[in-house]
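Below: one structure, written as structure tokens.
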Amino acid sequence: MDKRLSALVEKARRIVFFGGAGVSCESGIPDFRSQDGLYNQQYAYPPEEILSHHFFMQNPEEFYRFYRDKMLYPKAKPNAAHLKLAQWEEQGKLRAVITQNIDGLHQMAGSRRVYELHGSVHRNRCMKCGKFYGLETILSTQGVPRCECGGMIKPEVVLYEEALDQSVIEQAVNALMEADLLMVGGTSLNVYPAAGLLRYFSGEHLVVLNKTPTSADRRASLVIQEPIAEVLGS
């Protein structure tokens, strides 16, 4: 690991990690906005429209065709970044992971305090009776998955036009306010309102680990523009 980063981590007592799609790229899950990302591929509808609340309600079959094809990666495994963060939590140094990702890889790596701003593909509920279904139900069905009561099953992921979960936001804000080191990784910080949460951090050091420049670079103590799994796993 970079000596400067190691020194900051060693000194810190309340680390919070704020991450995005770049954290999971090295697990084989493509990000949204890179040259080969989801938003640069061609579909019958723009991804932003397919992944919106109104599209889901009006055209759930097309939504699920896209969702299963492009949003679910059940074979993905945690990479060195996920594992290092879980190790820091086990050691008592890392207080929380705040993630924009919906893949559940942080929990798979062993992290326990994970605030999923945009929900998770592993949680799905019937819109009629509220019954819970895991990811395997979505993967093992075709078309629109239905509950045994007949209701349509919806992923607990935050679609466009939907609000973030207020309790998750409150917990994330509390963690940021208590942190002495905030590590931002694998995110362009272009997605709001999630990226706006960084304003609640007033601790000693901000570290940015991202392959491209971000809006937080200018106030960071350390900026490393390398793949995050390589940085944390070295």
The condition of being over 24 Å from Leu222 (Cβ atoms), open to solvent by 60 Å² or more (accessible area, probe 1.4 Å) and of a type outside the set (Phe, Trp, Tyr) holds, among Pro74, Pro60, Pro47, only for Pro74
Determine which single condition Ala7 fails, assuming it passes every other condition in (1) modelled with pLDDT of 95 or more; (2) outside any helix (DSSP H, G or I); (3) open to solvent by 10 Å² or more (accessible area, probe 1.4 Å). (2)
How many residues of the stretch 211-234 are among the aliphatic types (A, V, I, L, M) and either open to solvent by 20 Å² or more (accessible area, probe 1.4 Å) or more than 17 Å from Leu8 (Cα to Cα) (or both)? The answer is 4
Are any of the residues in the stretch 27-37 modelled with pLDDT under 95, under 22 Å from Thr141 (Cβ atoms), over 15 Å from the mean Cα position of the chain (by Cα) and open to solvent by 30 Å² or more (accessible area, probe 1.4 Å)? no
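So for the stretch 77-94 (the condition being among the aliphatic types (A, V, I, L, M) and open to solvent by 20 Å² or more (accessible area, probe 1.4 Å)), does at least one residue qualify?
As a first pass, look at the stretch 77-94 and keep what is among the aliphatic types (A, V, I, L, M): 80-81, 83, 85-86, 94.
Now drop any that are not open to solvent by 20 Å² or more (accessible area, probe 1.4 Å), which leaves 80, 83.
Within the stretch 77-94 (the criterion being among the aliphatic types (A, V, I, L, M) and open to solvent by 20 Å² or more (accessible area, probe 1.4 Å)), the answer is yes, since at least one residue qualifies.
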Name the residues in the stretch 104-114 that are open to solvent by 30 Å² or more (accessible area, probe 1.4 Å) and either at negative phi or of a type in the set (A, V, I, L, M, F, W, C) (or both), would you? Gln107, Met108, Arg112, Arg113
I'm trying to understand the selection: among the residues of the stretch 126-140, which are in contact (Cβ under 8 Å) with a residue 12 or more places away in the chain, more than 20 Å from Phe66 (Cβ to Cβ) and either open to solvent by 20 Å² or more (accessible area, probe 1.4 Å) or of a type in the set (Phe, Trp, Tyr) (or both)? Lys128, Cys129, Lys131
Are there any pairs, at least 6 apart or on different chains, whose C-beta atoms fall under 9 Å, with the first in the stretch 52-68 and within 19 Å of Ile29 (Cβ to Cβ) and the second exposed (fewer than 14 other Cβ atoms within 10 Å of the Cβ) and among the basic types (Lys, Arg), and if so, which? none
Would you confirm whether any residue within the stretch 119-135 is within 21 Å of the chain's Cα centre (by Cα) and assigned to a helix (DSSP H, G or I)? yes
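The values are calculated or read from the model by the stated rules, or taken from the named source; none is laboratory data. Every value quoted in this text rests on a predicted model; they were computed, and no experiment measured them. Counting neighbours? That spans all protein chains shown, and the Cβs are built from the backbone with ideal geometry, glycine included. Areas reflect the complete protein model, heavy atoms only, side chains present, ligands, DNA and RNA absent. Shrake-Rupley method; radii C 1.70, N 1.55, O 1.52, S 1.80 Å.
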